[in-house]
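Right, one structure below, let's go through it.
The values are calculated or read from the model by the stated rules, or taken from the named source; none is laboratory data. Since the structure is predicted, the reported quantities are computational estimates derived from the model, not experimental observations. Glycine also receives a Cβ, built like all others from the backbone with ideal geometry; neighbour counts cover every protein chain displayed. Note: areas computed on protein heavy atoms with side chains; ligands, DNA, RNA excluded. Shrake-Rupley method; radii C 1.70, N 1.55, O 1.52, S 1.80 Å.
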Amino acid sequence: MSAPSRQRTPNPHLGAYYGIVTSAFVSLVVVLAMLEQLGWSEGAVARNVILWPVALYLVIAVGTRTLDVEDFFASGRRVPPVYNAFVLAATAVGGIGFFAYTGAIFFLGFDALAIGLGWTSGFLLAGVLFVPYLRKAGAYTLPAFLGQRFRSRPARMAASVLQVPPTALLLAAEIKIAAVAASMFLPLSFSLAVLLVAAFVAAVGILGGMRSLTWTGSAEFIAGAVGLAATLMVVSVLLTNLPAPQFTYSEMFGALQNAETAAGVSPVSPGEIDPAFPATAPTQAAKPFLQPFAAINEPGFVALFLCFTLGTAALPSLLVRSGVTSSVGDQRRSTAWALALVALFAITAPSLAVFAKMLVFRDMALDPTAGLPSWLADLSGWQLMEAADGDGDGVVRAGELLIARDGVALALPMLAELPFVLTALMAAAGLAIALAAAASHLFTLAASLADDVYGVLDRRPIALPRLMAAWAAIAACALAAAVFLFIAEVDALRAAVTAFAFAAATFFPVLLLALWWPRCTAWGALAAMGTGFAILVFFITAGAFGLGETVAGTSAAGLIAAALALGAGVGASLYGPAPSAAEMAYYEEMRKPEGEAIFDRAQKRAATASAAEQ
């Protein structure tokens with residue numbers, strides 16, 4: 001008697017469903033734009049453009065709820081490549097990329113592009129080195145894969161515990177970004193917004209796990225992409241006459257340089273800007289946009305790029321989605337789509353920064369006789385900018401203007417004097433992306449703790465069923481993240497750099513060895529993970545050699561830790577016992593792209609044996 005195989009054909013109506021979602025979102029914005037012109041208040045416009053989409057995300061989560069284990073942990077392995085790519089791109093970029101990274105480009109110009117390039121290269125590296133083989137293995141989580149690859153419960157539990165710092169940092173950063181955006185446009189305090197955001201992402205995870213995460217995340221990605229594209233295209237038409245910001249913003253470089261010079265922005269030398277990386281507090285834009293390696297020198301730029309490349313390739317929140325498509329080929333295509341989407345964002349973000357910077361300095365410096373720009377009062381009211389005419393000459397220059405890094409994306413529509421609905425649209429778009437990323441990080445963290453730690457320690461399903469353990473872990477992790485944000489000040493971008501450094505140091509070496517070196521053993525895996533994590537913690541806490549004190553230093557520390565971890569993994573594998581026959585057989589099977597996932601085959605055999613006994 002054989003166990004029946006599951007039907008893994010995607011819903012043929014998905015395109016129609018998400019076409020309706022997109023049309024509804026666009027229609028909502030158009031209607032609100034008309035109502036704004038008819039006299040609706042800014043508060044009413046903002047509440048409607050933000051809350052209606054959030055209600056739709058919750059409806060999708062409720063509609064995709066499940067009690068099936070495979071649906072909960074792997075979305076039934078029937079997600080089409082494009083939709084999986086939507087969630088992968090949203091998870092990688094998140095609200096951190098939407099708000100903090102675009103703001104960093106505004107302040108640092110060329111120097112900040114290392115992050116976007118790292119995201120893009122990381123997807124390329126993951127698609128070549130890791131993703132196809134993880135899909136063939138079929139494990140629900142990254143720690144579960146390591147446990148199956150090395151037949152080692154300690155390796156599985158250690159990986160689950162060690163993925164807490166990077167995933168928790170990203171979770172806290174995304175919740176903060178979403179809460180700040182919500183509290184700005186809704187009648188909520190920051191603390192209440194944090195609780196509501198944490199409750200929302202926990203509800204999505206509890207209702208349907210990976211299944212709800214996938215379909216709500218797809219809708220959130222669409223909302224984020226539409227909001228960003230619509231606003232940038234309108235501004236691009238106003239400034240360049242063409243709705244293609246990725247290809248037209250370079251035409252403004254000459255005018256931008258002139259505006260910066262007139263506003264008093266002059267070239268700086270490395271180390272002159274303190275801090276080199278802009279913080280969340282309002283800061284002056286002291287560096288010319290096109291000046292390279294001024295805030296971050298050449299070695300720091302390379303270190304930041306490589307840190308985000310390796311960290312993206314080995315980020316648990318991304319790799320956990322390696323098993324949701326129907327085949328290895330579909331997973332490769334999904335990663336390729338995600339790479340294209342992230343690359344599109346990476347070449348779009350600079351246009352947002354250039355447009356914003358051009359509008360700021362053009363209005364302030366190139367037309368001094370006109371007085372202070374009209375948008376300055378609006379941005380000051382939203383606490384996105386602070387300005388003081390220190391010398392009383394009626395002109396606010398670069399040194400007298402303080403700009404909030406995470407508010408540059410929201411400031412752009414106001415700078416262009418567009419209808420308020422586009423400002424609210426940008427907020428709704430960034431909030432959607434942040435919610436998608438936060439839900440992904442929360443599920444990755446909680447599902448692993450429930451399945452890879454509790455599930456290994458207590459193997460009696462009667463004590464706490466598998467899904468109940470995951471629900472409890474999701475609720476507990478969401479509450480812990482909210483409490484952490486109440487007592488700690490989190491800089492979202494710096495938290496992201498630290499998180500990607502931890503992913504690069506802890507998981508990239510062990511994945512490289514586990515997937516590409518058959519001689520690697522459980523002792524080697526433990527040595528690689530432990531060495532990389534411990535060395536990075538040492539650099540960050542002790543500040544050895546000055547590493548860990550700056551963004552570039554943290555990135556360099558992550559790379560050093562990754563290199564030493566790779567060596568430790570190789571050494572421990574060579575000097576320990578050789579891999580068992582079962583480990584070698586698993587490795588050889590995992591390297592074959594055709595056929596069913598190894599984990600699914602094992603589940604079928606177990607089901608068949610159980611049915612035969614009955």
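Charging the Cβ of each Asp and Glu at -1 and of each Lys and Arg at +1, and nothing else, the dipole of the chain about its Cα centre rounds to 2740 debye.
Spatially, the range 483-501 and the range 221-269 are offset by 29 Å when compared through their Cα centroids. Every helix of 4 or more DSSP H residues in the chain counts as -39500 (n - 2.57), and over all residues that averages to -23000 deg cm²/dmol at 222 nm. Which residues make up the longest stretch of the chain clear of GluC sites (Glu not before Pro) that lie in a DSSP loop with no more than 10 other Cβ atoms within 10 Å, not counting the sites? Excluding the exposed sites themselves, the longest stretch runs over 1-488.
Counted as membrane-span-like here are DSSP H helices of the chain whose alpha-carbon atoms extend 30 Å or more along the helix's own axis and whose Kyte-Doolittle mean is -1.0 or above; these are 14-37, 42-63, 164-185, 190-240, 328-365, 420-448, 466-487, 551-575. Summing charges over all other residues whose Cβ lies under 14 Å from the Cβ of LEU28, with Lys and Arg as +1 and Asp and Glu as -1, gives 0. The residue list ALA159, TRP119, ALA179 was ranked by how far each Cα lies along the charge dipole of the range 118-182 toward its positive end, using unit charges on Cβ atoms, and ALA159 comes out on top.
When the Cα positions of GLY455, GLY254, PRO579 are compared along the charge dipole of the chain, PRO579 comes out farthest toward the positive end, with charges on each C-beta of Lys, Arg, Asp and Glu. Annotation: peptides 407-414, 76-83, ranked by per-residue average of other Cβ atoms within 10 Å with the highest first, follow the order 407-414, 76-83.
Of the residues ALA92, LEU410, GLY227, the one whose Cα sits farthest toward the positive end of the charge dipole of the chain, with +1 on the Cβ of Lys and Arg and -1 on the Cβ of Asp and Glu, is ALA92. Averaged over its residues, the chain has an accessible area of 37 Å² per residue, based on protein heavy atoms and a 1.4 Å probe. Surface composition of the range 439-565: carbon and sulfur atoms hold 74% of the protein heavy-atom accessible area at a 1.4 Å probe.
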